[in-house]
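Single-structure report; data block below.
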Amino acid sequence: MTQKAKAASSAKQSGDAFAAGQKTVEQVVKASTQGYEQAMEMTKDQAEKTSAAVLRGYDDYAAFNKESVDAFVKAGTVWSKGFEDMGKLFFAFAQNSSQQSVEASKSFMGAKSVTDIVDAQSAFAKTSFDNMVAESTKISELTMSIANEASAPVQAQMNAAAEKFANPAL
């Protein structure tokens with residue numbers, strides 16, 4: 001083989017090797033570009049899913065917060081109405097007691113003997129005690145009613161919260 005033939009053969013082999021190397025580099029670049037594009041697509045999908053979950057969580061929190069405030073407003077409304085009713089009950093009791101005291105004072109003034117005064121005082125004390133027991137029962141029942149009605153919206157909201165946090169997928 002002549003020098004020219006060897007040089008031509010060597011040049012051909014170098015050219016073939018260069019072409020093969022270039023093809024390999026192009027394949028590596030193409031494969032890495034595809035991997036990069038896949039990674040970017042997966043990252044984009046995950047970011048979208050995470051953003052949607054965060055926004056949904058915020059919306060859920062905002063709705064829950066609004067429901068909690070509404071429950072406390074309802075409870076406050078019941079409390080204020082209940083205390084208004086209790087104030088009316090106390091006022092009626094005080095007015096009735098005052099009226100009975102005036103009537104008892106009149107009967108004391110009209111008494112003709114100490115026995116009449118003692119009898120009038122005994123009747124007044126018995127009536128006053130009976131009225132106090134009856135009014136105390138009314139006040140106690142009203143207080144329990146107010147407490148139960150006022151706590152109902154808050155209790156319902158707490159139950160909803162417990163259920164929601166126990167089953168977060170809902």
Just to be sure before I move on: is VAL78 open to solvent by 80 Å² or more (accessible area, probe 1.4 Å) and in a helix (DSSP H, G or I) in the structure I sent? no
Looking only at the stretch 62-89, count how many residues are closer than 25 Å to SER136 by Cβ, free of Cβ contacts under 8 Å to residues at least 24 places away in the same chain and among the hydrophobic types (A, V, I, L, M, F, W, C). 0
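Residue by residue, here is whether (1) of a type outside the set (Asp, Glu); (2) more than 45 Å from the chain's Cα centre (by Cα) holds:
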{"position": "GLU103", "(1), (2)": "no, yes"}
{"position": "PHE108", "(1), (2)": "yes, yes"}
{"position": "SER113", "(1), (2)": "yes, yes"}
{"position": "ALA120", "(1), (2)": "yes, yes"}
{"position": "ALA123", "(1), (2)": "yes, yes"}
{"position": "ASP130", "(1), (2)": "no, yes"}
{"position": "THR137", "(1), (2)": "yes, no"}
{"position": "ALA147", "(1), (2)": "yes, no"}
{"position": "ASN159", "(1), (2)": "yes, no"}
Is it the case that PHE93 is among the aromatic types (Phe, Trp, Tyr), within 44 Å of the chain's Cα centre (by Cα) and open to solvent by less than 60 Å² (accessible area, probe 1.4 Å)? yes
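Confirm whether SER122 is surrounded by 12 or more Cβ atoms within 10 Å (Cβ to Cβ) and either more than 30 Å from VAL154 (Cα to Cα) or in contact with a helix residue (DSSP H, G or I) (Cβ under 6 Å, 6 or more places away or on another chain) (or both).
On the way: surrounded by 12 or more Cβ atoms within 10 Å (Cβ to Cβ): no; either more than 30 Å from VAL154 (Cα to Cα) or in contact with a helix residue (DSSP H, G or I) (Cβ under 6 Å, 6 or more places away or on another chain) (or both): yes.
Taking the combined requirement at face value, the residue does not satisfy it.
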Boolean, ALA71 is open to solvent by less than 80 Å² (accessible area, probe 1.4 Å), under 30 Å from ALA161 (Cβ atoms) and in a helix (DSSP H, G or I): yes
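Based on this model, can you work out whether SER105 counts as at pLDDT below 90 and either out of contact with any Pro (no Cβ under 8 Å at 6 or more places or on another chain) or surrounded by fewer than 13 Cβ atoms within 10 Å (Cβ to Cβ) (or both)? Lay out the reasoning, then the answer.
On the way: at pLDDT below 90: yes; either out of contact with any Pro (no Cβ under 8 Å at 6 or more places or on another chain) or surrounded by fewer than 13 Cβ atoms within 10 Å (Cβ to Cβ) (or both): yes.
In short, yes.
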Here are the criteria: (1) over 29 Å from SER68 (Cβ atoms); (2) surrounded by 14 or more Cβ atoms within 10 Å (Cβ to Cβ); (3) at pLDDT 90 or above. Tell me which single one ILE117 does not satisfy. (3)
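Conditions tested, residue by residue: (1) among the β-branched types (Val, Ile, Thr); (2) under 30 Å from ALA162 (Cβ atoms); (3) in contact with a His (Cβ under 9 Å, 6 or more places away or on another chain).
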| site | (1), (2), (3) |
| --- | --- |
| ALA20 | no, no, no |
| GLU37 | no, no, no |
| THR43 | yes, no, no |
| LEU55 | no, yes, no |
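Please go through the stretch 4-19 and pick out each residue that is among the small types (Gly, Ala, Ser) and modelled with pLDDT of 70 or more.
Quick first cut of the stretch 4-19, residues among the small types (Gly, Ala, Ser) only: 5, 7-11, 14-15, 17, 19.
Answer for the stretch 4-19, where residues must be among the small types (Gly, Ala, Ser) and modelled with pLDDT of 70 or more: just ALA19.
The values are calculated or read from the model by the stated rules, or taken from the named source; none is laboratory data. Since this is a predicted model, take the numbers as computed values, not measurements. Cβ sites come from the backbone with ideal geometry, for glycine too, and all protein chains shown count toward neighbours. Please note that ligands, DNA and RNA were not included when accessible areas were found on the heavy atoms of the full protein model with its side chains. Shrake-Rupley method; radii C 1.70, N 1.55, O 1.52, S 1.80 Å.
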